[in-house]
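The values are calculated or read from the model by the stated rules, or taken from the named source; none is laboratory data. Every value quoted in this text rests on a predicted model; they were computed, and no experiment measured them. Glycine also receives a Cβ, built like all others from the backbone with ideal geometry; neighbour counts cover every protein chain displayed.
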Amino acid sequence: MTLDHQLRTDLAAIVEPQLVRTLGELGFLGTLDEVNGATVVELVLPVTGWPNLALLNVAITQRAPGATVVVRAMDEEELLGLRNFLRGAMAAPAGPGQHEHGTDAQPRFLDRLSKTRVLGISSGKGGVGKSSVTVNLAIALAQSGYDVGVLDADVYGFSLPKMLGAVNDPIVLGDTVIPTLAHGVRCVSMGYFVPDEQPVIWRGPMLHKAIEQLVTEAWWDEPDFLLIDMPPGTGDVALTLSEVLPRIEMYVVTTPQAAAQRVAQRSAYAARKLKLSVRGVIENMSWFTGVDATRYEIFGAGGGAQLAKELGIALLGQIPLDTTLREGGDVGAPIVVTHPDSEAAQAFVALAKTIAAQGPARVYRQELQLM
Ligand code: ADP
């Protein structure tokens, strides 16, 4: 093997962090040239402003010290090749009993035997901290080494990418969407695909189609966890998710207030009507710990425990009030990243551990169903 061949092999083996495939597999490695005695490595990327360019630069110069990296955008044929590769990589091997949608097999993570756990984070009403819980829980899971994606399906206010601190928009390759990556979490928001600042009136079929597309056409690969930030209430989104992702596990976020708890209970009952597995209650804004270490129960106490009791499931965690959490949410600096030792961050880490330890919902074999 000549030096060039060796170098090409080394560079082709670099793993692209967002797509978790090698440069060789993705077709990202272009020509290797020698100019005035220095190596010039050409990177061929879907867009020249590829989010992980700096990381790729470092990885390349580690293997080829002194090399210069030049970037070229993929042409249409190369983009199509990448799209086809990604579609193939996320598809299930087409076996008996599996559906084919058009020419593309359905993503492997939708298969009932997939390792992916889909967590629907829901609430009875807005403002209880459902999105804050989704973001911090997702990052806490990623920090424990899990591969995590989040889908912002809260059609009444898309706040997730901002809270997560996602700076890049997803990249769209025809009918395939590459999520943006922040704090080790892949993220797609339906908000990216609706006109800015304009209210959208979601009609049932349109909403169904949009969610279905982002579930099946985004590059989720086969994550350990896919979290879905659901709109508050009992509406259409739950119905769609029950059809598209029947294995979804529902988690209900509530505050300690009795009134909030009753509203949350309605959304849990609605989920159960759809035969979704409601797996746990998360209480947010449980108390505020003062400088004197006293816990002040600003929104009352007991709502989470009461809801869990009524639903016959566990209260999985209680998250205290923390101004840092709110400030971090506003500027995209999630508390589990910026203040990992805070009481609230620790509560999210404990919650992530509890949910991971709980394991997937029991899956009934479809062929054993009596209808
Ligand atoms: P939802 O998704 O239920 O509408 P958000 O996550 O958007 O709720 O939270 C509503 C507001 O409350 C946000 O400003 C958020 O930063 C803040 N918030 C949520 N949880 C907490 C908490 N535990 N402590 C302090 N502020 C919080």
Just to be sure, is L45 of a type in the set (A, V, I, L, M), under 15 Å from L173 (Cα atoms) and at pLDDT 95 or above?
-> yes
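Could you look through segment 149-207, keep only residues that are among the hydroxyl-bearing types (S, T, Y) and in contact with an Asp or Glu (Cβ under 7 Å, 6 or more places away or on another chain), and pick out the one that is farthest from E78 (Cα to Cα)?
Within segment 149-207, the subset among the hydroxyl-bearing types (S, T, Y) is 156, 159, 176, 180, 189, 192.
Going one step further and asking which of them are in contact with an Asp or Glu (Cβ under 7 Å, 6 or more places away or on another chain), we end up with 176, 180, 189, 192.
On the way: T176: 14, T180: 21, S189: 26, Y192: 25 Å.
So the residue we want is S189.
Quick one: which of M250, M190 is at pLDDT 90 or above, over 22 Å from N52 (Cα atoms) and within 16 Å of the ligand (Cβ to nearest atom)? Steps first, answer last, please.
Values: M190 fails: at pLDDT 90 or above.
Matching residue, one of M250, M190: M250.
Determine, yes or no, whether T354 is among the polar types (S, T, N, Q), away from the ligand (no atom under 16 Å from the Cβ), in a helix (DSSP H, G or I) and assigned by TED's automatic domain parsing to the domain that holds A182. Show your work before the answer.
Details: among the polar types (S, T, N, Q): yes; away from the ligand (no atom under 16 Å from the Cβ): yes; in a helix (DSSP H, G or I): yes; assigned by TED's automatic domain parsing to the domain that holds A182: yes.
It is true that T354 is among the polar types (S, T, N, Q), away from the ligand (no atom under 16 Å from the Cβ), in a helix (DSSP H, G or I) and assigned by TED's automatic domain parsing to the domain that holds A182.
Anything in segment 320-343 that is among the aliphatic types (A, V, I, L, M) and near the ligand (Cβ under 6 Å from one of its atoms)? List them, or say none.
Taking segment 320-343 first, the residues among the aliphatic types (A, V, I, L, M) are 321, 325, 331, 333, 335-337.
Scanning segment 320-343 gives L321, L325.
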Would a scan of segment 210-232 turn up a residue that is in contact (Cβ under 8 Å) with a residue 40 or more places away in the chain, assigned to a strand (DSSP E or B) and of a type in the set (D, E)?
-> yes
Would you confirm whether any residue within segment 105-113 is modelled with pLDDT under 95, within 30 Å of F299 (Cβ to Cβ) and in contact with a helix residue (DSSP H, G or I) (Cβ under 8 Å, 6 or more places away or on another chain)?
-> no
Qualifying positions in segment 40-79 - under 21 Å from W219 (Cα atoms), within 25 Å of the chain's Cα centre (by Cα) and not hydroxyl-bearing (S, T, Y) = L45, P46, V47, G49, W50, P51, N52, L53, L55, L56, L79
State whether one or more residues within segment 198-210 are buried (at least 18 other Cβ atoms within 10 Å of the Cβ), within 16 Å of the ligand (Cβ to nearest atom) and not acidic (D, E).
-> no
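Here is a list: A293, A301, A264, A258. Which entry is closer than 17 Å to P231 by Cβ, among the aliphatic types (A, V, I, L, M) and either within 15 Å of the ligand (Cβ to nearest atom) or without any contact (Cβ under 8 Å) to a residue 60 or more places away in the chain (or both)?
Working: A293 fails: closer than 17 Å to P231 by Cβ; A301 fails: closer than 17 Å to P231 by Cβ; A258 fails: closer than 17 Å to P231 by Cβ.
Unique residue meeting the criteria: A264.
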Is there any pair with a first residue in segment 122-134 that is among the basic types (K, R) and a second that is assigned to a helix (DSSP H, G or I) and more than 7 Å from the ligand (Cβ to nearest atom) whose Cβ atoms are under 6 Å apart and which are 6 or more apart or on different chains, and what are they?
-> K125/V263
Just one of the numbered conditions (1) outside any loop (DSSP other than H, G, I, E, B); (2) farther than 30 Å from D111 by Cα is not true of V349; which one?
-> (2)
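Tell me the residue from P161, P179 that is touching a Lys or Arg at 6+ places or on another chain (Cβ under 9 Å) and assigned by TED's automatic domain parsing to the domain that holds G129, please. Break it down into steps so the answer makes sense when it comes.
On the way: P161 fails: touching a Lys or Arg at 6+ places or on another chain (Cβ under 9 Å).
Step by step, each of P161, P179 is checked, and only P179 is touching a Lys or Arg at 6+ places or on another chain (Cβ under 9 Å) and assigned by TED's automatic domain parsing to the domain that holds G129.
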Within segment 156-175, residues more than 15 Å from the chain's Cα centre (by Cα) and within 12 Å of the ligand (Cβ to nearest atom) come out as Y156, G157
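Would you call L321 under 30 Å from A166 (Cα atoms), part of a loop (DSSP other than H, G, I, E, B) and among the hydrophobic types (A, V, I, L, M, F, W, C)? Step through it out loud before you land on a result.
Values: under 30 Å from A166 (Cα atoms): yes; part of a loop (DSSP other than H, G, I, E, B): yes; among the hydrophobic types (A, V, I, L, M, F, W, C): yes.
When the stated conditions are applied, L321 passes them.
Looking at L151, L141, which one is in a helix (DSSP H, G or I), modelled with pLDDT of 90 or more, away from the ligand (no atom under 13 Å from the Cβ) and crowded, with 24+ Cβ neighbours inside 10 Å?
Details: L151 fails: in a helix (DSSP H, G or I).
From the options L151, L141, the qualifying one is L141.
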(1) away from the ligand (no atom under 16 Å from the Cβ); (2) within 21 Å of P360 (Cα to Cα); (3) without any contact (Cβ under 8 Å) to a residue 60 or more places away in the chain: which one isn't true of R279, the others all being true?
-> (3)
